[in-house]
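Only one structure is covered here, and it is reproduced in the block below.
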Amino acid sequence: MSEKAVVLFSGGVDSTTCLAMAIERYGKENVVPLSIAYGQKHDRELASAKNVLAYYGMEGKTLHLEAVFANSDSTLLGHTGEEIPKGTYEEQQRASGKSVVSTYVPFRNGLFLSAAASMALSLGASVLYYGAHADDGAGNAYPDCTVPFYTAMGTAISEGTGGELRLEAPFIKANKADIVKEGLRLGVPYELTWSCYEGQDEPCHVCGTCRDREEAFRLNGTVDPLLKV
């Protein structure tokens, strides 16, 4: 009997690459993409997720967790009205004097993984993927993308499911350039993905995630396809 995998899937570079890896390993009939609406300013990514799923001929599931973050002042959330900071995460950290960046949503990945673990068990899955990587964890910019967080959550999920479910973050020690390299090998349709934190129709090219994304393609000797449209 084949294993079944649930993939936390936002429609961005990291999670789409994870999705492609899971498809390659388990077959798309054994992979369930799970997207989450949480009040993000860039809900444009949910439309991109649907486009990616159409490309692969798959259906996904969506959870709505907006109410959990109703009191958060993260600049990533639409209800705050706060501007998304410009520049790399390192530049933001220097400017603010803080390690955690303003677009961090409190324990977001902890909540996502807990909810996804429950759903994964109900669906008969034995593995849960998420696309955290070293660039986001660097300097503790996003504490829920670090190796200690991944290790702790992996233990909690294994213990809390009686060993029936394991957590995998294949890029936890890799950078975004490594992710793009793997995605190019897999033929990931990056032209359908979305990363920008601004909730607009076109990428802003100056927020931290846009900068990180475009640099990752450059380091792989190519150009972000969203720069070509």
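Structural remarks
- In the range 44-109, the inverse of the mean reciprocal separation of distinct Cα atoms equals 14.3 Å; this is its Kirkwood hydrodynamic radius.
- For the chain, the dipole from Cβ point charges (+1 on Lys and Arg, -1 on Asp and Glu) about the Cα centre works out to 280 debye, to the nearest 20.
- Computed over protein heavy atoms with a 1.4 angstrom probe, the accessible surface ordering of E90, E3, largest first, is E90, E3.
- The trypsin sites (Lys or Arg not before Pro) of the range 100-185 meeting both criteria, a DSSP state outside H, G, I, E and B (loop) and at most 15 other C-beta atoms within 10 angstrom of the site's C-beta, are K173.
- Between E24 and H79, full extension at 0.36 nm per residue minus the direct alpha carbon distance yields a gain of 16.0 nm.
- Ellipsoid fit via the Cα gyration tensor, the range 3-53: semi-axes of 21, 10, 8 Å, each the root of five times an eigenvalue, largest first.
- For the set C210, C204, solvent exposure ranked by accessible area (probe 1.4 Å, protein chains only) runs largest to smallest as C204, C210.
- Computed with a 1.4 Å probe over protein heavy atoms only, the accessible surface of the range 55-155 comes to 49 Å² per residue.
- Using a probe radius of 1.4 angstrom, the carbon and sulfur fraction of the accessible surface of the chain is 50%.
- Of the trypsin sites (Lys or Arg not before Pro) found in the range 50-100, those in coil by DSSP whose Cβ has at most 14 other Cβ atoms within 10 Å are K98.
The values are calculated or read from the model by the stated rules, or taken from the named source; none is laboratory data. A quick note: this is a predicted structure, and the numbers were derived from the prediction, not measured. In this analysis, Cβ positions are derived from the backbone assuming ideal geometry, glycine residues included, and neighbour counts consider all displayed protein chains. For accessibility, only protein heavy atoms count, side chains too; no ligands or nucleic acids. Shrake-Rupley method; radii C 1.70, N 1.55, O 1.52, S 1.80 Å.
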